[in-house]
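Colleague: This structure is in structure tokens; I'll ask about it shortly.
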Amino acid sequence: MTEVQRPRERAAVESAPALPRLLSGIRAHGALTLEEHLALHGPLPTGHGARRRQQREHAAMLIDEIELSGLTGRGGASFPTATKLRAVAGARGRAIVIANGAEGEPASLKDRTLLEALPHLVIDGGLIAAEAVGADELILCACATAPTSVEAMEQALAERERELTGGHAPKVSLATVPGHYVAGQETALVNYLGGGPAKPTFTPPMPFEQGLRRRPTLINNAETLAHIALIARQGASWFRQLGTSSQPGSTLVTLSGPVAHPGVYEIENGASLSSLIDASGGTTARVRAALLGGYAGAWISGGHLQGVALSKEHLAPHGATLGAGIVLLLSESACPVAETARAARWMAGQSAQQCGPCIHGLDALAGTLEEIALGRADARVTQRLERLASLTSRRGACAHPDGAVNMISSALEVFATEFADHARHGACEGCARAGELPLPLRPLSDESSGKKGARA
Amino acid sequence: MSHRVEVNPITCEAHGMCAELLPERITLDEWGYPLIDDTPLHGSQVEHAIRAARACPTFALLVKKERTERSGRVRVRSG
């Protein structure tokens, strides 16, 4: 298994002089202090302390500016951030803001990197978002599996104690959330913070109308908030100086696989994949394929990688998106059939075990892929996989089964030859090698017991 | 105003009563979970659907009433 290195050698990609933005000032170890953060970015412009009417005007102005910037959510869904802010601001009741740093996807390290190294950027963004939606509470969520990021956030909050205990600031707290895959899903996060298990709930109501403690709840990914912190200071047109017209700005990408320096990089939206690989010191082996968007993402074969730009438009024909900014390269020597089976088994283990089609469907899909990898599948295996995929997708309370099916289906398409070969002749040389995709050896979820057991 | 059948996949425990009581809309997959035709119900199907929903041991089957308000927004209520 390739260990993803600590993402410390980040560099701006391509000839964009304005990068890095989020990652500027980042250090090899430790977090930027409040003093260093303020020296780098300047003070945070807030409307706190102003008259109520001015506060309201400032809040509306913030949302307008974020709308002009074209910022979209960096948690994977790319939803327009301003639309979400406006929905929460317009909902009935006092809002709550949650900074989502739960990062259960093992191929993503960018959120923990932000919390660990640049905690004040995330706190700033959370404060601005709270102001924009009129929230009196901000909950910062860090992953229990990333203790360094929890410590850095605690330290950062201590540094800002005076500012945050002032009469105008929202109540700010830090929550440590479990590290399993679906824990970061919005309703799972609300469920957990409300005292329940970190498992998705059935919607509606959506969190923006009735979330934590039945109050309108804004949940933004940690990186999205970090961008907001800079947009509030520099403005929308500054943000749009980088990126494409449909996807302005920069984005964080976690790159892993056979490259000299795997880790977290900040790229301009729409940058070429090859420029990202160059920034990481180039490949160290021939690349067979890339998995974009992580374990709910899609594969692109090595032959198609040349010239691929990391933009919505370029990736769409391949059925892929960057998701939460994830690029996994698979080396030529790895077996894509065995890797897909491993990834599918891991995703099956990450099911919240709540919805029947997800529990049974993902398990059956993983089992069937394992049979193929071992050469034990019969001639009708392709039809079986297709049927299982359609029985599993879109039948859960959350999108977990859909994401897993998406990744499996794209693997069947991109590696059709390899799958057919394994189905006929059994395991290949590459199968015996240790898995290359970064997956925890055991599922992180400690809640893999049957769903009936969870209920009284 | 129209009615549709929906299932809460979290509370559903594959008892299969719904497929017995509303076979024209619901079949079961190989694990016993309902596969639902969620196009609008018509005529007497509404009554049958409501009976099926009431018979579900975990109340996982929902009959949703959709009404297009003057504002053009769809209001969803479970019945």
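Colleague: Which numbered condition in (1) farther than 30 Å from B:Gly32 by Cβ; (2) under 26 Å from the mean Cα position of the chain (by Cα); (3) assigned to a helix (DSSP H, G or I); (4) aliphatic (A, V, I, L, M) is the only one that A:Leu439 fails?
Modeller: (3)
Colleague: Let me ask another. Can you say whether A:Ser256 is buried (at least 24 other Cβ atoms within 10 Å of the Cβ), assigned by TED's automatic domain parsing to the domain that holds A:Leu305 and polar (S, T, N, Q), as far as the supplied structure shows?
Modeller: Against the criterion (buried (at least 24 other Cβ atoms within 10 Å of the Cβ), assigned by TED's automatic domain parsing to the domain that holds A:Leu305 and polar (S, T, N, Q)), A:Ser256 qualifies.
Colleague: If you don't mind, there's one more thing I want to ask. Can you tell me which residue within segment A:160-185, out of those that are of a type in the set (A, V, I, L, M) and over 19 Å from A:Gly134 (Cβ atoms), is surrounded by the most Cβ atoms within 10 Å (Cβ to Cβ)?
Modeller: The extreme case among them is A:Ala183.
Colleague: Among the residues of segment A:294-340, how many are among the β-branched types (Val, Ile, Thr) and in a loop (DSSP other than H, G, I, E, B)?
Modeller: 2
Colleague: Taking the condition within 14 Å of another protein chain (Cβ to nearest Cβ) and over 28 Å from A:Gln54 (Cβ atoms), does A:Gly196 pass?
Modeller: Spelling it out, A:Gly196 is indeed within 14 Å of another protein chain (Cβ to nearest Cβ) and over 28 Å from A:Gln54 (Cβ atoms).
Colleague: Only one of A:Gly375, A:Gly307, A:Gly349, A:Gly323 is at positive phi, under 25 Å from the mean Cα position of the chain (by Cα) and surrounded by fewer than 22 Cβ atoms within 10 Å (Cβ to Cβ). Can you tell me which?
Modeller: From the options A:Gly375, A:Gly307, A:Gly349, A:Gly323, the qualifying one is A:Gly307.
Colleague: I would also like to ask the following. Quick one: would you say A:Arg8 is assigned to a loop (DSSP other than H, G, I, E, B), modelled with pLDDT of 95 or more and within 30 Å of A:Leu329 (Cβ to Cβ)?
Modeller: no
Colleague: For A:Gly194, state whether it is surrounded by fewer than 21 Cβ atoms within 10 Å (Cβ to Cβ), under 23 Å from A:Gln350 (Cβ atoms) and in contact with a helix residue (DSSP H, G or I) (Cβ under 8 Å, 6 or more places away or on another chain).
Modeller: Spelling it out, A:Gly194 is indeed surrounded by fewer than 21 Cβ atoms within 10 Å (Cβ to Cβ), under 23 Å from A:Gln350 (Cβ atoms) and in contact with a helix residue (DSSP H, G or I) (Cβ under 8 Å, 6 or more places away or on another chain).
Colleague: Next question, about the same structure. Quick check on my filter: what residues within segment A:143-159 are of a type in the set (Val, Ile, Thr) and either under 21 Å from A:Leu34 (Cβ atoms) or crowded, with 21+ Cβ neighbours inside 10 Å (or both)?
Modeller: A:Thr148, A:Val150
Colleague: Checking the conditions here, which among A:Ala59, A:Ala28, A:Ala87 is free of Cβ contacts under 8 Å to residues at least 40 places away in the same chain and not in a strand (DSSP E or B)?
Modeller: On inspection, the qualifying residue turns out to be A:Ala28.
The values are calculated or read from the model by the stated rules, or taken from the named source; none is laboratory data. Keep in mind that this is a model prediction, so the values were computed, not measured. When we count neighbours, we look across all protein chains shown, and the Cβ atoms used for this are built from the backbone with ideal geometry, even at glycine.
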